[in-house]
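Data block below; observations after.
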Amino acid sequence: MARRPVAWVAAIVLLLEAIGVVFVNGVLATVVDNQQMSLAGLDPGAMSTGTWVTGGVLGFFLVLCAAVLVRTAVRDRAPGRTGRFTLTVCAVAHAVLGAVSVGLLGWTAFAFMMVVLGMLVLVLVAYGPERGSRDDSARAEGPAAA
């Protein structure tokens with residue numbers, strides 16, 4: 001099955017996206033700082049610092065998701081509960097940002113976000129609960145087990 005290569009490709013794409021996010025936020029922070037821009041009287045230094053911090057946090061989150069995908073691909077086993085939660089949050093964020101990006105950046109950005117979303121969902125579905133896990137045994141026994 002193609003689940004292992006999809007996990008590798010998704011990890012690489014998320015790493016590249018992390019670099020892009022940090023770079024774009026760095027450019028925005030530099031422009032705000034150099035031009036001493038202000039929004040509704042906010043301090044330009046605070047805006048610049050906030051932009052750097054946002055870029056760093058988003059970049060770290062994308063690298064964390066890529067690390068979960070790399071671990072999943074190397075082990076060829078489903079990620080744990082925390083890893084699945086992290087990838088689900090990443091998928092939801094890509095869906096929301098994809099919807100917003102249509103109006104702001106155009107259909108190409110939307111298509112990119114949807115491809116990344118598709119890869120994340122494919123990894124989550126392809127590495128579903130394994131046979132013999134607690135989830136499967138509870139389902140097999142039915143309502144009498146509860």
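The values are calculated or read from the model by the stated rules, or taken from the named source; none is laboratory data. Owing to the predicted nature of the structure, the values given are computational and were not obtained by experimental measurement. All Cβ positions, glycine included, derive from the backbone under ideal geometry; neighbour counts span all protein chains shown. Surface accessibility is based on the protein's heavy atoms, side chains included, excluding ligands, DNA and RNA. Shrake-Rupley method; radii C 1.70, N 1.55, O 1.52, S 1.80 Å.
Annotations
- Exclusive hit being part of a helix (DSSP H, G or I) and of a type in the set (A, V, I, L, M), set Ala73, Ala78, Ala40: Ala73
- Here Ile12 meets each of (1) within 20 Å of Val115 (Cβ to Cβ); (2) at pLDDT below 95; (3) surrounded by fewer than 17 Cβ atoms within 10 Å (Cβ to Cβ) with one exception, condition (2).
- Close contacts from the range 28-43, counting a first residue that is within 17 Å of Thr54 (Cα to Cα) and a second that is of a type in the set (Ser, Thr, Tyr) and open to solvent by less than 70 Å² (accessible area, probe 1.4 Å), with Cβ to Cβ under 6 Å and a gap of 6+ residues or different chains, come to Leu28/Thr51; Ala29/Ser48; Ala29/Thr51; Val32/Ser48; Asp33/Ser48.
- Among the residues of the range 31-41, at least one is surrounded by 15 or more Cβ atoms within 10 Å (Cβ to Cβ) and farther than 19 Å from Gly128 by Cβ.
- Selection status of Thr72, more than 10 Å from the chain's Cα centre (by Cα), crowded, with 19+ Cβ neighbours inside 10 Å and of a type in the set (Val, Ile, Thr): yes
- When residues in the range 77-103 are screened for being open to solvent by 90 Å² or more (accessible area, probe 1.4 Å), farther than 18 Å from Arg4 by Cα and either at pLDDT below 90 or not aliphatic (A, V, I, L, M) (or both), 3 of them pass.
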